Amino acid sequence: MKVLVTGSSGLIGSEAVEHFDRQGHQVFGVDNNMRRVFFGAAGDTLWNLERLKNTAKQFTHAAIDIRDRAALEELFCAQRFDLIVHCAAQPSHDKAQEIPLLDFEVNALGTVNLLEMTRQHCPEAVFVFLSTNKVYGDAPNEIPTKELETRYDYARAEDYDGIGETCRIDRTLHSLFGASKAAADLVAQEYGRYFNMKVGVFRGGCLTGPSHSGVELHGFLSYLVKVTLSGGRYNVYGYKGKQVRDNIHSHDVVRAIEEFAANPRPGEVYNMGGGRSNSISMLEAIARIEQLTGRKLDWHYVEEARKGDHICYISNLRKFQTHYPKWKITRSLDAILEEMVAAHRKQQLHSASK
């Protein structure tokens with residue numbers, strides 16, 4: 001099988017490269033390190049690219065910008081892909097307001113470029129688009145919540161398992177990032193439904209793991225671990241630090257992609273996260289990471305919440321688990337945090353030895 005991964009030096013992209021390479025597939029990665037453009041040196045993913053070059057056996061990298069239709073055309077004319085895993089994005093809820101045109105071009109235009117190249121050159125391929133729960137905007141905040149000692153939670157029993165795919169995506173405040181990803185999400189669905197292409201849309205919660213180049217504006221757990229170990233200062237924005245997110249390891253995301261690819265359902269949308277068992281509030285995450293690292297975090301509370309932010313977001317995984325019963329969450333939140341702490345410590349030692 002010939003696999004194309006966009007955003008191949010990022011968290012999910014690099015996990016996909018490694019996973020499909022281990023299985024003996026030929027993997028092509030597209031990544032032009034735009035994360036450094038978005039977030040500066042801290043977001044640089046070249047370290048991850050070098051790691052992939054050293055470990056993957058059948059990996060070919062191309063520094064293509066997904067906005068460059070001519071470069072994509074050349075790639076798709078030269079190769080006939082069986083699976084496209086589209087992870088490349090401007091990923092920050094907050095950064096988008098500073099770069100609205102660039103955000104929309106990368107997230108929306110880049111996605112339709114890839115969909116059209118697939119339709120023109122390999123229409124039988126499976127196409128998986130990594131969307132986001134931010135397409136729901138702040139509509140999830142309309143669900144009644146209750147305040148507990150360290151977190152907010154859903155007040156009604158029927159909401160216990162979290163947000164389902166029936167949550168509306170319009171008439172709500174998204175952030176510009178949420179809007180650009182919603183545009184891409186809808187056009188991906190349309191290519192699946194209108195052209196009957198094998199397109200699947202995964203609306204991710206907090207996707208995480210040791211290969212994340214976490215920064216303040218994107219990569220909640222990764223950045224929290226990094227700041228705790230480095231001794232920097234961390235800002236907590238609003239909701240008393242009790243806002244809740246569910247977290248899923250990049251391996252489990254790629255396993256979900258693999259299950260979909262084996263039996264694709266054109267135009268389907270799935271919420272993809274860690275579910276209730278992997279949910280955690282900001283206060284709880286700080287306490288757990290302090291315990292794991294043996295270090296106190298210097299954190300500061302900012303009263304004003306991030307615009308359009310979720311108070312409590314837990315991904316309801318029932319739809320995907322019903323369609324793909326072989327798939328399950330394999331990495332607990334504790335295991336994820338332990339792996340991330342170990343990875344950051346290893347990076348610190350490597351940097352110190354240079």
### the range 250-274 residues that are over 14 Å from Arg331 (Cα atoms), paired with ones that are among the hydroxyl-bearing types (Ser, Thr, Tyr) and part of a helix (DSSP H, G or I) (beta carbon under 9 Å, 6 or more apart)
Pro266/Tyr191; Gly267/Tyr191; Gly267/Tyr194
#### Entry: Unique match (being on the phi < 0 side of the Ramachandran plot and either hydroxyl-bearing (Ser, Thr, Tyr) or touching a Phe, Trp or Tyr at 6+ places or on another chain (Cβ under 9 Å) (or both)) among Val37, Val126
Val126
### Task
Report yes if Cys87 is under 22 Å from His174 (Cβ atoms) and either touching an Asp or Glu at 6+ places or on another chain (Cβ under 8 Å) or modelled with pLDDT of 95 or more (or both), otherwise no.
yes
## Note on the structure
Restricting attention to the range 298-354, the residues that are in a loop (DSSP other than H, G, I, E, B) and under 19 Å from Val254 (Cβ atoms) number exactly 10
### Selected residue [on the phi < 0 side of the Ramachandran plot, part of a loop (DSSP other than H, G, I, E, B) and not polar (S, T, N, Q)] from Arg51, Arg80
Arg80
### Selection from the range 104-133 of residues that are under 18 Å from Leu75 (Cβ atoms), among the small types (Gly, Ala, Ser) and outside any helix (DSSP H, G or I)
Ala125
### Task
Find all pairs meeting these conditions: Cβ atoms under 6 angstrom apart; at least six residues apart or on different chains; first residue within the range 315-329 and buried (at least 19 other Cβ atoms within 10 Å of the Cβ); second residue aromatic (Phe, Trp, Tyr) and at pLDDT 95 or above.
Phe320/Tyr270
### Every residue from the range 105-143 that is out of contact with any Lys or Arg (no Cβ under 6 Å at 6 or more places or on another chain) and farther than 30 Å from Ile64 by Cβ
Tyr136, Gly137, Asp138, Pro140, Asn141, Glu142, Ile143
#### Entry: Unique match (being of a type in the set (Gly, Ala, Ser) and surrounded by fewer than 19 Cβ atoms within 10 Å (Cβ to Cβ)) among Ser250, Ser277, Ser281
Ser277
### Query
If you go through the range 148-167, how many residues are touching a helix residue (DSSP H, G or I) at 6+ places or on another chain (Cβ under 8 Å) and either surrounded by fewer than 15 Cβ atoms within 10 Å (Cβ to Cβ) or not aromatic (Phe, Trp, Tyr) (or both)?
9
#### Entry: Those residues of the range 27-43 which are buried (at least 17 other Cβ atoms within 10 Å of the Cβ) and either in a strand (DSSP E or B) or touching a residue at least 60 places away in the same chain (Cβ under 8 Å) (or both), in sequence order
Val27, Phe28, Gly29, Val30, Met34, Arg35, Phe38, Phe39, Gly43
### Task
Output the number of the condition that Ser9 fails; it satisfies all remaining conditions of (1) in contact (Cβ under 8 Å) with a residue 40 or more places away in the chain; (2) more than 18 Å from Asp68 (Cα to Cα); (3) in a helix (DSSP H, G or I); (4) not aromatic (Phe, Trp, Tyr).
(3)
### Task
Might you check whether a residue that is crowded, with 21+ Cβ neighbours inside 10 Å, more than 26 Å from Arg255 (Cα to Cα) and at pLDDT 95 or above occurs anywhere in the range 67-79?
yes
#### Entry: Residues of the range 109-140 satisfying the condition of being closer than 21 Å to Gly241 by Cα, surrounded by fewer than 20 Cβ atoms within 10 Å (Cβ to Cβ) and not acidic (Asp, Glu)
Ala139
### Query
Pairs, please: C-beta under 7 Å, at least 6 apart or cross-chain, first residue within 22 Å of Arg245 (Cα to Cα) and in the range 330-351, second hydroxyl-bearing (Ser, Thr, Tyr) and outside any helix (DSSP H, G or I)?
Ile336/Thr208
### Message
Looking at the range 224-236, can you tell me whether even one residue there is free of Cβ contacts under 8 Å to residues at least 60 places away in the same chain and surrounded by fewer than 23 Cβ atoms within 10 Å (Cβ to Cβ)?
### Response
no
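The values are calculated or read from the model by the stated rules, or taken from the named source; none is laboratory data. The structure presented is a predicted model; accordingly, all values stated were derived computationally and were not measured. Note: ideal-geometry Cβ built from the backbone for every residue, glycine included; neighbour counts use all protein chains shown.
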